[in-house]
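Okay, so here's the structure we're looking at.
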Amino acid sequence: MNSIKKYIAEFIGTAILVLFGCGTAVVTGGNIILTSLAFGLAIVAGAYAIGDISGCHVNPAVSLAMFINKKLSLKDFGGYVLAQIAGAFAGSGLLYAILSCTNLGTKALGANGFDNASAVGLNLTGAILVELILTYVFVYVILGVTAKTERAHLAGIVIALALTFVHIIGINLTGTSVNPARSLAPAVLLGGEALNQVWVFILVPFVGAAAAAYTFMLLNKDCDKKPAKKSKK
């Protein structure tokens, strides 16, 4: 039952992230500051709403990093990813329904892209590099701020600021993925170029997250060890 609660929480959290993050990107015409804040604030809302239930990963790449760092079981990793993907489709579906009632239409759902789909014409190599770096930084921050329980009360804010931070530079480059579920759902609903390019925004965030997880384990493996007490003479 506890696992089911976690999966439901991840479903809801991811749906909120996609609806409000991608929705803001669409209705504001891709405004960098507002879209970045929308994704960040969605994390704040999720962290304090479902953080105590599931940890508020709302991102398969984050769940992979937690699995690698032995903070998530293989069973829960699979359950989280499925729930996140389902939540992303729910969020994109709600956005599609809302936009269909406007004069904006449903030709844009906040999908990621490169070449002609990039605001600055970023090519494939650039898109891979950008997503690798942004995911690495984002996931490394998450691992760092969640490593010690005394930082738990700050985790939601720090993670939200990190997501906002990577969006500010990434929006005009690739639209900023760093989240396979967030990228997959809009691409499937839109089809065409978005669907053809989505493999980059699924594969590369996983690679970036894995790299961050292994780097964190290497550099932080001795950080939690307390110094030996000096013997009294």
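The values are calculated or read from the model by the stated rules, or taken from the named source; none is laboratory data. Bear in mind that the values here come from a model prediction, so they are computed numbers and not experimental data. Don't worry about glycine lacking a Cβ; one is built from the backbone with ideal geometry, like all the others, and counts go over all protein chains shown.
Can you name the residue in segment 106-129 that is β-branched (Val, Ile, Thr) and not in a helix (DSSP H, G or I) and, of all such residues, is modelled with the highest pLDDT?
Step one: list which residues in segment 106-129 are β-branched (Val, Ile, Thr), which gives 106, 120, 125, 128.
Going one step further and asking which of them are not in a helix (DSSP H, G or I), we end up with 106, 120.
On the way: Thr106: 89, Val120: 97.
Across segment 106-129, the extreme among qualifying residues is Val120.
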Can you find even one residue in segment 33-55 that is surrounded by 18 or more Cβ atoms within 10 Å (Cβ to Cβ) and on the phi > 0 side of the Ramachandran plot? yes
Looking only at residues in segment 146-174 that are surrounded by fewer than 22 Cβ atoms within 10 Å (Cβ to Cβ), β-branched (Val, Ile, Thr) and part of a helix (DSSP H, G or I), which one is nearest to the chain's Cα centre (by Cα)? Thr164
Within segment 214-225, does at least one residue satisfy the condition of being under 23 Å from Leu17 (Cα atoms), without any contact (Cβ under 8 Å) to a residue 24 or more places away in the chain and not hydrophobic (A, V, I, L, M, F, W, C)? no
Condition test on Leu143, is it part of a helix (DSSP H, G or I) and either under 18 Å from the mean Cα position of the chain (by Cα) or closer than 16 Å to Ala209 by Cα (or both)? yes
Is it the case that some residue within segment 85-94 is among the aliphatic types (A, V, I, L, M), within 16 Å of Ile171 (Cα to Cα) and touching a residue at least 12 places away in the same chain (Cβ under 8 Å)? no
Please work out if Leu41 is closer than 28 Å to Thr215 by Cα, in a helix (DSSP H, G or I) and in contact (Cβ under 8 Å) with a residue 24 or more places away in the chain. yes
In segment 175-224, anything loosely packed, with under 15 Cβ neighbours inside 10 Å, under 18 Å from the mean Cα position of the chain (by Cα) and not aromatic (Phe, Trp, Tyr) is listed as Leu203
Subset of segment 53-105 [in contact with a Leu (Cβ under 9 Å, 6 or more places away or on another chain), of a type outside the set (A, V, I, L, M), within 16 Å of Ala155 (Cβ to Cβ) and part of a helix (DSSP H, G or I)]: Ser63
